[in-house]
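> Encoded as structure tokens, here's the structure I'll be asking about.
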Amino acid sequence: MNTRWPALIACSVILTGCAGMQNPQKANLVHCANQFKASKAENYPLVLQEGDLCLQKNTLPASLQSLIYTVQADAYSNLKHFPEAVAAKEKSMQLAVKPDPRANLDLSAMYRDAGNPKKALELVQYNLDNGMGEAGKGSGFHMPTYYHLGLALTDLGQYREAAEAFSTGLQRQPDYAWAYYERGIAYDHLGGRDDAKADFMKFSQIANKKYVLEEHKAKLAEYRISMP
Amino acid sequence: MTATGRFQPVTIGRKRPESDVRSMPAFSQKEKLTFSRRPVLLKFPTHQPTAFVPTSRMILMFLSLFFGVVLLAVGAACTAQAQTVTTPEQLLTEFSRCDAHFFESLRDARLPVGTLRLSDYGSVKAPTIMSPLQEGGTYQHFETPLIVNGVRMVGYYNQAETIKNVGNFLFWGFVADGLPQEVAAKLKPLIVDNARFVSQGKAITRAEIRRVGDPIGQWRTEELTGPGVATPFGFVDRVLIVDTGDTTPPLAGHTTVFCSLQGTVTAPLLQVYRPDLNAHLLD
């Protein structure tokens with residue numbers, strides 16, 4: 001995600017510049033620029049519409065097509081159209097110039113959303129099998145890999161292994177609030193109420209309230225914990 | 001423990017060479033077993049079709065259930081009998097699994113008087129020591145040695161430590177008289193999966209590795225961490241090792257018969273493998 005946005009902004013600037021030109025072919029690029037603008041404005045139906053037009057009316061290089069599909073996938077995901085999100089993300093990855101371990105993790109999340117945790121797990125395991133850390137081959141594994149591993153294992157009902165994966169991620173990044181929350185969920189399923197409570201408490205202390213939803217608050221309430 | 005030992009923790013302050021996370025064979029998920037139910041053909045008198053058939057079925061069901069319960073009870077009794085450790089040799093076999101079995105078996109074990117002093121740790125028992133984290137508090141000397149297949153076990157050792165940027169290390173097991181090769185030879189018949197209990201330099205080891213996320217009870221026996229190489233992040237090495245004791249007391253001059261867990265050892269893992277410990281002792 002961190003590397004994607006600068007790329008998107010750069011593409012947006014280039015495409016906006018091209019779209020302003022008088023050449024009608026170049027003018028079609030306005031749809032591509034509009035897609036990025038709509039994405040920034042979180043107008044996801046418009047993202048999909050403009051993205052489709054961008055792809056239909058232009059012959060873009062593979063790398064740019066890949067980017068358009070990535071934005072489409074993100075929009076589908078936000079609209080909770082999970083199978084479409086998976087399809088768009090897979091197209092994006094097929095068109096990508098080189099394999100991106102982070103894209104595999106994003107796709108894993110989309111497969112989980114789409115109700116296929118087995119495939120989600122396989123994608124994270126592919127990264128692990130091939131030494132594909134978040135920053136590239138041989139760069140080592142950190143919280144994102146273990147967090148997605150834990151989430152896939154949770155969805156598969158392998159709570160002990162999930163708790164282990166979150167613990168491993170927390171050794172790398174002890175301030176990632178959501179790993180505490182998810183490990184708390186895993187402990188909760190294992191009947192480890194003391195461990196779950198400790199994790200939910202830690203989560204409540206360090207989580208950004210902006211992203212804490214009612215369902216999370218309800219879980220904390222089961223343990224008599226409230227967000228400060 | 002020897003400085004050259006393959007699975008020894010590094011000396012604090014001295015960094016081991018790091019190794020890349022290598023590709024490992026993907027584990028195969030256990031396939032779900034499905035059972036097909038075949039219809040049982042029974043002949044019933046035709047003159048009592050509605051009343052007699054259910055009654056006989058009920059009798060059959062009752063008999064099946066009765067025998068099932070009897071079989072379960074017998075099975076449970078046999079299992080309970082098998083789990084009760086009554087000899088030092090049986091205890092060593094349980095220990096050699098390097099998992100919770102050892103501590104569970106000590107709960108009901110009947111061992112020679114004056115050997116191991118045990119304490120309760122939650123739902124299990126373990127040899128009493130002061131603290132696995134405290135230097136000088138990790139050892140129990142047996143008043144009377146525990147003789148296991150001719151090997152004199154003179155004490156029990158239990159240590160845990162974290163080495164920054166390397167991982168967590170846990171060692172537990174027996175301190176024996178004799179040379180490592182002699183001790184290993186006498187104990188080998190008692191050791192679980194002893195085909196893999198082989199010489200590795202001066203030590204005799206049975207090693208395995210587990211990647212975080214693998215099923216909690218599943219260990220890989222291929223592509224192991226090489227000698228002198230730290231366990232890669234995201235992996236745990238489990239080793240049964242018979243080796244020369246450290247050069248300092250209480251291990252000096254003895255042979256150690258240890259289990260170890262090394263690497264990314266987390267609380268959820270310890271809850272399964274070391275129920276005698278506070279799983280968060282290394283957090």
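> Which log10 I(q)/I(0) values, to two decimals, does region B:79-196 give at q = 0.15 Å⁻¹ under the Debye formula with one point per Cα?
-0.71
> Turning to a different aspect of this structure: At q = 0.24, 0.27, 0.32 Å⁻¹, what base-10 log of I(q)/I(0) does the Debye formula yield for region B:214-264 when every alpha carbon is treated as an equal point scatterer in vacuo?
-0.99, -1.10, -1.27
> Looking at the square roots a ≥ b ≥ c of the eigenvalues of the Cα gyration tensor of region B:88-273, which shape do they give, rounded for a/c under 1.5, prolate if a/b is larger than b/c, or oblate?
Verdict is rounded for region B:88-273.
> Mean-square fluctuation check for chain A, GNM, Cα pairs under 10 Å: which of A:140, A:169, A:51 is largest?
Greatest mean-square fluctuation among the candidates belongs to A:140.
> In Å and on Cα atoms, what radius of gyration and Dmax does region A:35-134 show?
Spelled out, the Cα radius of gyration and Dmax of region A:35-134 are 13.7, 40 Å.
> How do A:131-138, B:181-188 rank on mean C-beta neighbours within 10 Å, highest first? Mind dumping the intermediate values first?
Details: A:131-138: 16.5, B:181-188: 19.5.
Packing proxy ranking, top to bottom: B:181-188, A:131-138.
> Taking N as the number of residues in region A:97-228, what is its Cα Rg relative to 2.2 N^0.38 Å? Mind dumping the intermediate values first?
Values: Rg = 14.9 Å, N = 132, 2.2 N^0.38 = 14.1 Å.
Against the compact-globule rule of thumb, the ratio is 1.06.
> Return the inverse of the average 1/r over all pairs of distinct C-alpha atoms in chain A, which is the Kirkwood hydrodynamic radius, in Å to one decimal.
After inverting the pairwise mean of 1/r, the radius is 19.1 Å.
> Here's another thing I want to ask about it. In a Gaussian network model over chain A where Cα atoms closer than 10 Å are linked, find which of A:142, A:216, A:81 has the largest mean-square fluctuation.
Residue with maximal mean-square fluctuation among A:142, A:216, A:81: A:216.
> Kindly provide the helix-only [θ] at 222 nm of chain A, computed as the sum of -39,500 (n - 2.57) over DSSP H runs of four or more divided by all residues, to the nearest 500 deg cm²/dmol?
-23000 deg cm²/dmol
> Given R₀ = 45 Å, FRET efficiency for residue A:213-residue B:108 by Cβ-Cβ distance, to 0.05?
0.40
> Right, here's the next one. What does the average come to when, for each residue of peptide B:261-268, you count the partner chain Cβ atoms lying within 10 Å of its Cβ?
5
> OK, next. Going highest first, how would you order B:167-174, A:147-154, B:126-133 by mean Cβ packing within 10 Å? Please report the intermediate quantities before stating the final value.
On the way: B:167-174: 24.2, A:147-154: 26.6, B:126-133: 18.0.
Sorting B:167-174, A:147-154, B:126-133 by mean packing, highest first, produces A:147-154, B:167-174, B:126-133.
> Under 21 Å from the Cα of residue A:197, which lysines turn up, not counting those fewer than eight places away in the same chain?
Hits, sequence-local ones excluded: A:209, A:217, A:219.
> What are the lysines whose alpha-carbon lies under 30 Å from the alpha-carbon of residue A:98, with same-chain residues fewer than 8 places away excluded?
Qualifying lysines at Cα under 30 Å: A:26, A:37, A:40, A:57, A:80, A:89, A:118, A:119, A:137.
Every number in this text was worked out from the coordinates using simple rules, so none of it is lab data. Predicted, not measured: the structure shown is a model, and the values here were computed from it. Virtual Cβ from ideal backbone geometry, glycine too; neighbours counted across all protein chains shown.
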